Amino acid sequence: MDRTRRIQEGQFQIIYSGRENDKHHGIALVLKPEAAAALISYDTISPRMLKARFRGQHANITVIQVYAPTASSLDYEIEEFYTSLQTTLNKVPTHELLVVMGDFNTKVGQDWHPGNQPSGSLGLVKRTREARCY
(Lines give C-alpha, C1' and ligand atoms only; values in the text may rest on other atoms or scores of the structure.)
Protein backbone atom coordinates (compact mmCIF):
# COMPACT_ATOMS: atom_id res chain seq x y z
CA MET A 1 0.00 0.00 0.00
CA ASP A 2 1.36 3.41 -0.95
CA ARG A 3 1.44 6.20 1.53
CA THR A 4 1.63 9.90 0.94
CA ARG A 5 2.82 12.55 3.33
CA ARG A 6 2.66 16.28 3.00
CA ILE A 7 4.21 17.65 6.16
CA GLN A 8 5.79 20.90 7.26
CA GLU A 9 9.33 20.46 8.57
CA GLY A 10 10.94 23.74 9.56
CA GLN A 11 11.60 25.68 6.37
CA PHE A 12 10.73 22.83 3.99
CA GLN A 13 7.69 20.88 2.89
CA ILE A 14 8.00 17.21 1.85
CA ILE A 15 5.83 15.35 -0.62
CA TYR A 16 6.50 11.61 -0.34
CA SER A 17 5.21 8.44 -1.96
CA GLY A 18 6.34 4.99 -0.89
CA ARG A 19 5.50 1.78 0.90
CA GLU A 20 5.61 1.64 4.68
CA ASN A 21 7.12 -1.85 4.76
CA ASP A 22 9.77 -1.23 2.10
CA LYS A 23 12.86 0.76 3.07
CA HIS A 24 14.28 0.74 -0.46
CA HIS A 25 11.46 2.21 -2.52
CA GLY A 26 10.10 5.68 -2.12
CA ILE A 27 10.32 9.01 -3.79
CA ALA A 28 10.07 12.56 -2.47
CA LEU A 29 10.20 16.21 -3.36
CA VAL A 30 11.50 18.67 -0.77
CA LEU A 31 10.02 22.12 -1.34
CA LYS A 32 11.18 25.51 -0.17
CA PRO A 33 8.35 27.74 1.09
CA GLU A 34 8.19 29.59 -2.25
CA ALA A 35 7.78 26.35 -4.18
CA ALA A 36 5.25 25.03 -1.66
CA ALA A 37 3.19 28.22 -2.13
CA ALA A 38 3.24 27.70 -5.92
CA LEU A 39 2.17 24.04 -5.66
CA ILE A 40 -1.08 23.50 -7.59
CA SER A 41 -1.41 19.76 -7.08
CA TYR A 42 0.51 16.54 -6.73
CA ASP A 43 -0.17 12.92 -7.58
CA THR A 44 1.60 9.84 -6.23
CA ILE A 45 1.81 7.57 -9.25
CA SER A 46 3.64 4.72 -7.47
CA PRO A 47 6.35 4.19 -4.83
CA ARG A 48 8.79 4.98 -7.65
CA MET A 49 7.12 8.03 -9.20
CA LEU A 50 5.29 11.21 -8.28
CA LYS A 51 4.09 14.21 -10.23
CA ALA A 52 3.73 17.78 -8.96
CA ARG A 53 2.36 20.85 -10.73
CA PHE A 54 3.48 24.40 -9.90
CA ARG A 55 2.38 27.87 -10.96
CA GLY A 56 5.20 29.43 -12.96
CA GLN A 57 5.75 33.03 -13.98
CA HIS A 58 4.97 32.40 -17.68
CA ALA A 59 3.59 28.84 -17.67
CA ASN A 60 2.75 26.11 -15.22
CA ILE A 61 5.50 23.61 -14.47
CA THR A 62 5.05 19.85 -14.14
CA VAL A 63 7.77 17.95 -12.28
CA ILE A 64 7.94 14.17 -12.48
CA GLN A 65 10.27 12.71 -9.86
CA VAL A 66 11.37 9.08 -10.41
CA TYR A 67 13.37 6.25 -8.91
CA ALA A 68 13.71 3.66 -11.68
CA PRO A 69 14.25 -0.05 -11.11
CA THR A 70 17.80 -1.30 -11.66
CA ALA A 71 18.82 -3.62 -14.50
CA SER A 72 18.77 -6.50 -12.02
CA SER A 73 15.02 -5.98 -11.43
CA LEU A 74 12.51 -8.34 -13.00
CA ASP A 75 11.60 -7.52 -16.59
CA TYR A 76 7.94 -6.93 -15.75
CA GLU A 77 8.93 -4.38 -13.05
CA ILE A 78 11.07 -2.45 -15.52
CA GLU A 79 8.36 -2.57 -18.20
CA GLU A 80 5.70 -1.50 -15.70
CA PHE A 81 7.81 1.47 -14.58
CA TYR A 82 8.47 2.79 -18.10
CA THR A 83 4.86 2.20 -19.19
CA SER A 84 3.71 4.19 -16.16
CA LEU A 85 6.22 6.95 -16.95
CA GLN A 86 5.03 7.18 -20.55
CA THR A 87 1.38 7.28 -19.45
CA THR A 88 2.20 10.07 -16.98
CA LEU A 89 4.14 12.03 -19.62
CA ASN A 90 1.23 11.72 -22.07
CA LYS A 91 -1.11 13.39 -19.55
CA VAL A 92 1.04 16.53 -19.14
CA PRO A 93 -0.48 19.48 -21.05
CA THR A 94 1.74 20.40 -24.01
CA HIS A 95 1.83 24.08 -23.03
CA GLU A 96 3.43 23.35 -19.62
CA LEU A 97 7.11 23.27 -18.84
CA LEU A 98 8.06 19.65 -18.11
CA VAL A 99 10.88 18.51 -15.82
CA VAL A 100 11.61 14.79 -15.45
CA MET A 101 14.22 14.09 -12.81
CA GLY A 102 15.42 11.52 -10.36
CA ASP A 103 17.45 8.35 -10.36
CA PHE A 104 17.13 6.38 -13.59
CA ASN A 105 19.72 3.78 -12.47
CA THR A 106 21.32 3.69 -15.89
CA LYS A 107 24.44 4.49 -17.88
CA VAL A 108 24.04 5.95 -21.37
CA GLY A 109 26.66 5.74 -24.10
CA GLN A 110 29.25 3.17 -25.07
CA ASP A 111 32.28 5.00 -23.69
CA TRP A 112 30.90 5.44 -20.18
CA HIS A 113 33.39 5.26 -17.35
CA PRO A 114 33.48 6.93 -13.92
CA GLY A 115 35.46 9.96 -15.17
CA ASN A 116 33.03 10.71 -17.99
CA GLN A 117 29.92 12.85 -17.98
CA PRO A 118 27.09 11.02 -16.14
CA SER A 119 25.20 10.40 -19.38
CA GLY A 120 28.13 9.31 -21.58
CA SER A 121 28.62 10.37 -25.18
CA LEU A 122 24.93 10.17 -26.18
CA GLY A 123 23.49 12.55 -23.62
CA LEU A 124 23.79 16.13 -22.53
CA VAL A 125 24.20 17.19 -18.94
CA LYS A 126 23.38 20.83 -18.33
CA ARG A 127 23.40 22.41 -14.92
CA THR A 128 20.84 25.15 -14.45
CA ARG A 129 19.62 27.30 -11.62
CA GLU A 130 16.44 26.12 -9.92
CA ALA A 131 13.24 26.96 -11.75
CA ARG A 132 11.50 29.99 -10.29
CA CYS A 133 7.92 29.36 -9.22
CA TYR A 134 5.41 32.12 -8.40
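Show me the strands (runs of 3 or more DSSP E) found entirely inside the stretch 24-65 where at least 1 residues are among the basic types (Lys, Arg).
49-54
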Considering residues that are of a type outside the set (A, V, I, L, M, F, W, C), touching a residue at least 12 places away in the same chain (Cβ under 8 Å) and surrounded by fewer than 18 Cβ atoms within 10 Å (Cβ to Cβ), the number found within the stretch 45-59 is 3
The residue from Ser84, Ser72 that alone is of a type in the set (Gly, Ala, Ser), out of contact with any Leu (no Cβ under 9 Å at 6 or more places or on another chain), within 27 Å of Gly18 (Cα to Cα) and at pLDDT 90 or above is Ser84
Selection from the stretch 75-97 of residues surrounded by 13 or more Cβ atoms within 10 Å (Cβ to Cβ), closer than 16 Å to Lys51 by Cα and not hydroxyl-bearing (Ser, Thr, Tyr) yields Phe81, Leu85, Leu89, Val92, Glu96, Leu97
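The values are calculated or read from the model by the stated rules, or taken from the named source; none is laboratory data. Computed from a predicted model, the values in this text were never measured in an experiment. FYI the Cβ positions are ideal-geometry reconstructions off the backbone, even for glycines, and counts take in every protein chain you see.
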